[in-house]
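Before any comments, here is the structure.
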Amino acid sequence: MGRGGPCMIKPEEYMSSPVVTATPQESLAQMAAVMDEKNIGCLVVMQEDTLAGIVTERDILRKVLAHGKDVDHVRAQDIMTKDVFTVQKDATLMEVAALMKQHSFRRILVMDETRPVGIITSRDLIGLLV
């Protein structure tokens, strides 16, 4: 672990990077293909240079497939989570873990000011313990 124990480890040391993005207009088929190709569970949705939301595998299952929506007409903007919890890249491991536990998150976006630079998942945190 980083110097100073787990309280001092910064997200840059354990986040997945770079962030893979989609546009709000991107189709479900396009998003699923990228997720499969990159072996990832989410895409960060960007409207030009602004964070617009996040689409996860769970969003696809719960908001599309479970409701029998026509997958040919679903776009990122239709299913993305708009209120994305983020941490700045200078947050500590303990701050990230506490947020994830408090809100039952599986992932948190890491920001450098207003630009997404990585994602921390519950799997990343478990990997630090093993």
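The values are calculated or read from the model by the stated rules, or taken from the named source; none is laboratory data. Since the structure is predicted, the reported quantities are computational estimates derived from the model, not experimental observations. Positions of Cβ are generated from backbone atoms using ideal geometry, with glycine treated the same way; all protein chains shown enter the neighbour counts.
Here the helices (runs of 4 or more DSSP H) wholly within region 54-130 that include at least 3 residues being modelled with pLDDT of 90 or more are 57-63, 76-79, 93-103. From the list Val117, Val74, the lone residue that is surrounded by 13 or more Cβ atoms within 10 Å (Cβ to Cβ), out of contact with any His (no Cβ under 8 Å at 6 or more places or on another chain) and touching a residue at least 60 places away in the same chain (Cβ under 8 Å) is Val117.
Which of the residues spanning region 70-96 are among the acidic types (Asp, Glu) and within 25 Å of Ala33 (Cα to Cα)? If the condition is that a residue be among the acidic types (Asp, Glu) and within 25 Å of Ala33 (Cα to Cα), then Asp70, Asp72, Asp78, Asp83 are the ones that fit. Checking each residue in region 34-53 for being touching a helix residue (DSSP H, G or I) at 6+ places or on another chain (Cβ under 8 Å), closer than 16 Å to Arg75 by Cα and not in a strand (DSSP E or B) picks out only Met35. Using the structure shown, decide if Met31 is surrounded by 13 or more Cβ atoms within 10 Å (Cβ to Cβ) and not in a strand (DSSP E or B). Considered against the rule, which asks whether it is surrounded by 13 or more Cβ atoms within 10 Å (Cβ to Cβ) and not in a strand (DSSP E or B), Met31 comes out as yes. Count of region 88-110 residues, restricted to those that are under 18 Å from Thr21 (Cβ atoms) and either of a type in the set (S, T, N, Q) or touching a residue at least 60 places away in the same chain (Cβ under 8 Å) (or both), is 4.
Just the residues that are exposed (fewer than 13 other Cβ atoms within 10 Å of the Cβ) and touching a strand residue (DSSP E or B) at 6+ places or on another chain (Cβ under 8 Å), please, taken from region 84-111.
Looking only at region 84-111, we keep the residues that are exposed (fewer than 13 other Cβ atoms within 10 Å of the Cβ), and these are 90, 98, 101-104.
Within region 84-111, none qualify.
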